[in-house]
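Chemist: Sharing a structure below in structure tokens format, with a few things to ask.
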Amino acid sequence: MEHKEFAEVYDVFMKHVDYNGWYKFLRNFMKKKGEVIDLGCGTGEFIYRFLKDDFSVTGIDLSEKMLEVADKKLQGKNLKNQNYKLIKENIINYESENEADYIICNFDTVNYLKGEKEFIKFIQKSEKNLKKDGLLIFDAVGEGIFEEIFENDIFLDEEEEYTSIWRHEQLSAKKHLVEIDLFIRQTKDDNLFRKYNDLQYKFIYDFAWIIETAQKNGFEVVDTASNPEFGESRIFFIFKKK
């Protein structure tokens, strides 16, 4: 979704996410400070936290509007550490000038790739962009995510700032469609809403295949982990470049 209005309301849309808990989970594997590439960085919530902890960060996102919001947010924090850059690029195409210590990719972003070919490219680019012994940390969801979120393939989310209606359809064995109608309140004092429609295609991978693919492309498995606070169907993968 490329609308500027959606980018500006994104943090409200994600306000129930425990960013601090998620960040703490990531830091369990990222003990040593270094260079981080945040793939699909959105509005920069993790960039902000890493900068506070004296990491240097490159944020990659396909949405220029998201990056604008992220930059405005980060500049408004008056951080002592300003060692970050934001780049508009597809996460499967980005090539870093310098190899990073860590690559992260959060919120099942890999499930929004078009399929296994793009996932392989994601793994290969990550391997290329990491230092030896560098870590790739990302999460993916399984089929159970749809039962967690939807009831009869419908999910309704009502907040003061917006209302969203989600509809789910399974298109094939591994491919799903989620259609979102988002109604954003224009001002706090009236009931005038602006409507946006977004179609999201979600590809579900076999978790064993993910591990096998990483091992075939220069990684070894450090850990796979789940945290019920972030969803029963979500698995975190921690891979190290050989």
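Chemist: How about LYS31: which lysines have a C-alpha closer than 23 Å to its C-alpha, ignoring those fewer than 8 places off in the same chain?
Modeler: LYS52, LYS80, LYS85, LYS128, LYS131, LYS132, LYS240, LYS241, LYS242
Chemist: Right, here's the next one. Roughly how big is the chain's charge dipole about its Cα centre, with Cβ charges of +1 (Lys, Arg) and -1 (Asp, Glu), in debye to the nearest 20?
Modeler: 1220
Chemist: Residues of the range 114-147 with the amide nitrogen closer than 20 Å to a label point 7 Å from the Cα of LYS33, along Cα-to-Cβ, please.
Modeler: 131, 134-135
Chemist: In addition: Of all accessible surface on the chain at a 1.4 Å probe, what whole percent is carbon and sulfur?
Modeler: Ligands and nucleic acids excluded, carbon and sulfur give 46 percent.
Chemist: Now for a separate question. Which FRET efficiency, nearest 0.05, do LYS132 and LEU62 yield, Cβ-Cβ r, R0 35 Å?
Modeler: The calculated FRET efficiency here is 0.75.
Chemist: Please list, in order along the range 174-183, the HN-Hα scalar couplings obtained from phi with the Karplus expression 6.51 cos²θ - 1.76 cosθ + 1.60 (θ = phi - 60°), rounded to whole Hz, x for Gly and Pro.
Modeler: Coupling constants for the range 174-183: 10, 10, 10, 10, 10, 9, 10, 9, 10, 10 Hz.
Chemist: To the nearest 20 Debye, how big is the dipole of the range 76-131 about its Cα centre, given +1 on the beta carbon of each Lys and Arg and -1 on that of each Asp and Glu?
Modeler: 220
Chemist: Using only the C-alpha atoms of the range 25-93, find the volume of their convex hull and express it per residue in Å³.
Modeler: Dividing the Cα hull volume of the range 25-93 by its residue count gives 79 Å³.
Chemist: Okay, next question. At 7 Å along the Cα-to-beta-carbon direction for both LEU177 and GLU148, put a label point, then send me their distance in nm to one decimal.
Modeler: For LEU177 paired with GLU148, the spin-label model returns 2.4 nm.
Chemist: Apply the Karplus curve 6.51 cos²θ - 1.76 cosθ + 1.60, θ = phi - 60°, to the phi angles in the range 47-59 and return the couplings in whole Hz, x for Gly and Pro.
Modeler: 4, 4, 5, 5, 4, 4, 9, 6, 7, 9, 9, 10, x
Chemist: Let me ask something else about it. Over the alpha-carbon set of the range 1-118, work out the extent along each principal axis and list the three values in angstrom, largest first.
Modeler: 34, 33, 27
Chemist: Who wins for biggest fluctuation among VAL141, VAL222, VAL110 in a Gaussian network model of the chain, springs between alpha carbons below 10 Å?
Modeler: Of VAL141, VAL222, VAL110, the Gaussian network model singles out VAL222 as fluctuating most.
Chemist: Could you give the distance between the Cα centres of the range 96-160 and the range 25-44, to the whole Å?
Modeler: 14
Chemist: Right, something else. LYS188: which aspartates and glutamates have alpha carbons under 14 Å from its alpha carbon, excluding same-chain residues fewer than 8 sequence positions away?
Modeler: GLU159, GLU160, GLU161
Chemist: Counting Lys and Arg as +1 and Asp and Glu as -1, each charge on the Cβ, what is the dipole of the range 37-109 about the Cα centre in debye, to the nearest 20?
Modeler: 460
Chemist: Another question, if that's okay. Can you give the % of DSSP beta bridges in the chain that are antiparallel, to the nearest 5?
Modeler: Details: 39 of 58 bridges.
Looking only at bridges with both residues in the chain, the antiparallel portion is about 65 percent.
Chemist: Taking springs between alpha-carbon atoms closer than 10 angstrom, which of ALA208, ALA100, ALA140 fluctuates most in the Gaussian network model of the chain?
Modeler: Top of the fluctuation ranking is ALA208.
Chemist: Please name whichever of LEU130, VAL221, PHE119 sits farthest to the positive end of the charge dipole of the chain, dipole taken about the Cα centre and charges placed at Cβ: Lys and Arg +1, Asp and Glu -1.
Modeler: Farthest along the dipole direction, towards plus: LEU130.
The values are calculated or read from the model by the stated rules, or taken from the named source; none is laboratory data. All values derive from a computational prediction rather than experimental measurement. As a convention, Cβ positions derive from the backbone with ideal geometry for all residues, glycine included, and neighbour counts pool all protein chains shown. The accessibility values were calculated without ligands, DNA or RNA, using every heavy atom of the protein model including side chains. Shrake-Rupley method; radii C 1.70, N 1.55, O 1.52, S 1.80 Å.
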